[in-house]
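Notes to accompany the following structure.
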Amino acid sequence: MNHSNEYRSRQHPSPSPGALAIVHTALFAASLAAFAALTGGGHIPSPFAPASESLPYLAQQGTALRWSAFFLFGSAVPLGLFAATAASRLRFLGVRAAGATIALFGGIAASAALAASALSLWALSDPAVAQAAGTARAMQLVSFAAGGPAFAAAFGLLVAGVSVSAGLTGLLPRWTLWFGLAIAAAGELSSLSLLFAPAALLLPLTRFPGLVWLIAAGFLLPRAAKETP
């Protein structure tokens, strides 16, 4: 066996977590852009807005909702793959702490929450559902709950699990550890939005900085263990 083959055998056989993070980010951005483009710059109304205002608006945006749901559902797949790859790589690099398993659980749960949010949006795009006020309101609330606090709390576990496991073992720079812990804290606290509407302000503080962390950590997490003399 030559040196190049030996080096490849010491590398973690997996897709690039950084590339998966970019695909997830692009698809999530596409879900927002699609709705805005098809509604002339509009956005999905907050569930805290009066239903008498938001439901008639949503009933007129079936096409925009379908496209937004399509891209949002698509974004759930690379996020789940990121979690599986990152957890596997941490174990490959020698991490035996529970953080790797916590990250895997959080990532799979976050992916499932995004998928549930997207499917609720897709259901809301159906005219028969949109015209039934009670059902439409339920779909709107489920989409928010799944894609908002449920996603953020689970995503926080993914970020915390990777940040602590990799940060404390020197696999990631310390700034990713502290940045990740701040994102994780915002994610867990955002679950309070189920009780108090103002806590929903923490959701974008989890989601958008979280995308930056996801890409950075994905590319910085080493593929091969450092050789010891």
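The values are calculated or read from the model by the stated rules, or taken from the named source; none is laboratory data. None of these values were measured; they are calculated from a predicted model. All Cβ positions, glycine included, derive from the backbone under ideal geometry; neighbour counts span all protein chains shown.
Structure summary
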quantity: Unmet requirement for SER68, which otherwise passes all of (1) assigned to a helix (DSSP H, G or I); (2) under 21 Å from VAL142 (Cβ atoms); (3) modelled with pLDDT under 95; calculated: (3)
quantity: Qualifying residue in the stretch 213-223 (condition: farther than 16 Å from THR85 by Cβ, assigned to a helix (DSSP H, G or I) and not β-branched (Val, Ile, Thr)); calculated: no
quantity: Pairs where the first residue, in the stretch 205-223, is free of Cβ contacts under 8 Å to residues at least 12 places away in the same chain and buried (at least 19 other Cβ atoms within 10 Å of the Cβ) and the second is aromatic (Phe, Trp, Tyr) and assigned to a helix (DSSP H, G or I), C-beta under 6 Å, 6+ apart; calculated: none
quantity: First in the stretch 174-197 and of a type in the set (A, V, I, L, M), second anywhere and assigned to a loop (DSSP other than H, G, I, E, B), Cβ under 7 Å, 6 or more apart; calculated: ALA197/PHE48
quantity: Selected residue (criterion: nearest to VAL23 (Cα to Cα)) from residues of the stretch 78-94 that are surrounded by fewer than 20 Cβ atoms within 10 Å (Cβ to Cβ) and without any contact (Cβ under 8 Å) to a residue 40 or more places away in the chain; calculated: ALA84
quantity: Any chance LEU32 is free of Cβ contacts under 8 Å to residues at least 40 places away in the same chain, under 15 Å from GLY148 (Cα atoms) and part of a helix (DSSP H, G or I); calculated: yes
quantity: Helices (runs of 4 or more DSSP H) (entirely within the stretch 83-159) containing at least 1 residues that are of a type in the set (Ser, Thr, Tyr), at pLDDT 95 or above and at positive phi; calculated: none
